[in-house]
Amino acid sequence: MLWVLDLDGVVWLAGQAIPGAADAITRLRAGNHRVVFVTNNSTPTVADYVARLARAGIGVEAEELATSAQAAATLVAEGERVAFVGGPGIREALEARRAEVVPMTDQPDTVVVGRSLELDFGLLSEAAGAIRNGARFVATNTDATFPTPKGPEPGAGALVAYLQVGSGRSPAVAGKPEAAMADLVRQRYGPPDMVVGDRAETDGAFASRIGAPFALVLSGVTSRRDLPVVPEPAVTADDLAGAVGVVLDQPTGG
């Protein structure tokens, strides 16, 4: 089986490993299951993700990671002039695409927007102006919140909504559950057999789009008091270890 795992809310919360997640991944790999990680968090670079996963006790190759920054970059042409709001993961993905990264004031063809931990009103104002003046508006994702041990924080969707109101334009969205991410995952890894995430409106809808069962874990944004959710998951568990246990321990027909 090919397992597609979200990171935030499934493997960790703001970089703090969720108990049992590393052991669950080890169990999957020991059973010859393929595991890849697909995240809507566009902020870190791929090397950052590899290092963070290693600190969480999970070894991973760069090719086993797909990010919403990479999905957004697939919507940009080689040589296209692109400005962005967000973290270094966006710049890395755009440069890998061989786009020309330019300042927001340099008449970009496209403005890519993701989650940023440093809010700069001047940059946001310039981004809104560039979009109003005809630059294409691309969002890495529109997740309203981002899970942390202290509770949800504003996600990329909050910045996207700000610029949508400020520019009067709606974005093309790249990350889960949209087609750009689904295409990226299919091209890299083939059709998944299970999608695990903590958010029905993104991870669950992504599973539906890509034609895989959805396992909802309650270790991130979604809690038990939020149930039921749509789309209805095939599996609901407290965490990744629980979801893996439900799937692997269920009796087979015969």
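The values are calculated or read from the model by the stated rules, or taken from the named source; none is laboratory data. Worth saying up front: this structure is predicted, and the values here are computed from it rather than measured. Heads up, the Cβs are rebuilt from the backbone with ideal geometry, glycines too, and the neighbour counts pull from every protein chain shown.
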**Q.** residue 185 vs. criteria modelled with pLDDT of 95 or more, buried (at least 18 other Cβ atoms within 10 Å of the Cβ) and under 23 Å from residue 241 (Cβ atoms)
**A.** no
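Conditions (1) within 24 Å of residue 23 (Cα to Cα); (2) surrounded by fewer than 24 Cβ atoms within 10 Å (Cβ to Cβ), marked per residue:
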| position | (1), (2) |
| --- | --- |
| 145 | no, yes |
| 165 | no, yes |
| 189 | yes, yes |
| 207 | yes, no |
| 220 | yes, no |
| 225 | no, yes |
| 233 | yes, no |
| 236 | yes, yes |
Q. On the given criteria, is residue 163 farther than 18 Å from residue 36 by Cβ and either modelled with pLDDT of 95 or more or not β-branched (Val, Ile, Thr) (or both)?
A. yes
Q. Within the set of pairs 6+ apart or on separate chains, which have a first residue in the stretch 189-204 that is at positive phi and in contact (Cβ under 8 Å) with a residue 60 or more places away in the chain, a second that is among the hydroxyl-bearing types (Ser, Thr, Tyr) and buried (at least 22 other Cβ atoms within 10 Å of the Cβ), and C-beta atoms under 7 Å apart?
A. none
Q) Before we move on, is residue 149 in a loop (DSSP other than H, G, I, E, B), touching a Leu at 6+ places or on another chain (Cβ under 8 Å) and in contact (Cβ under 8 Å) with a residue 12 or more places away in the chain? A) yes
Q) Can you tell me which residue in the stretch 107-125 is surrounded by the fewest Cβ atoms within 10 Å (Cβ to Cβ), limited to those that are of a type in the set (D, E, K, R) and in contact with a strand residue (DSSP E or B) (Cβ under 7 Å, 6 or more places away or on another chain)? A) 109
Q: Looking only at the stretch 119-146, count how many residues are farther than 30 Å from residue 5 by Cβ, assigned to a loop (DSSP other than H, G, I, E, B) and in contact (Cβ under 8 Å) with a residue 40 or more places away in the chain.
A: 1
Q: Could you list all residues from the stretch 191-205 that are closer than 24 Å to residue 17 by Cα and surrounded by fewer than 21 Cβ atoms within 10 Å (Cβ to Cβ)?
A: 201
Q. Exactly one of (1) surrounded by 24 or more Cβ atoms within 10 Å (Cβ to Cβ); (2) under 21 Å from residue 134 (Cβ atoms); (3) in contact with a strand residue (DSSP E or B) (Cβ under 6 Å, 6 or more places away or on another chain) is unmet by residue 73. Its number?
A. (3)
Q) Could you count how many residues in the stretch 83-94 are crowded, with 23+ Cβ neighbours inside 10 Å and either hydroxyl-bearing (Ser, Thr, Tyr) or more than 15 Å from residue 163 (Cβ to Cβ) (or both)? A) 3
Q: Might you check whether a residue that is closer than 25 Å to residue 35 by Cβ, small (Gly, Ala, Ser), surrounded by 22 or more Cβ atoms within 10 Å (Cβ to Cβ) and not assigned by TED's automatic domain parsing to the domain that holds residue 39 occurs anywhere in the stretch 126-139?
A: no
**Q.** Set 46, 50, 60, 38: member being of a type in the set (Val, Ile, Thr) and more than 16 Å from the chain's Cα centre (by Cα)
**A.** 60
Q) Given 182, 158, which one is assigned to a helix (DSSP H, G or I) and in contact (Cβ under 8 Å) with a residue 24 or more places away in the chain? A) 182
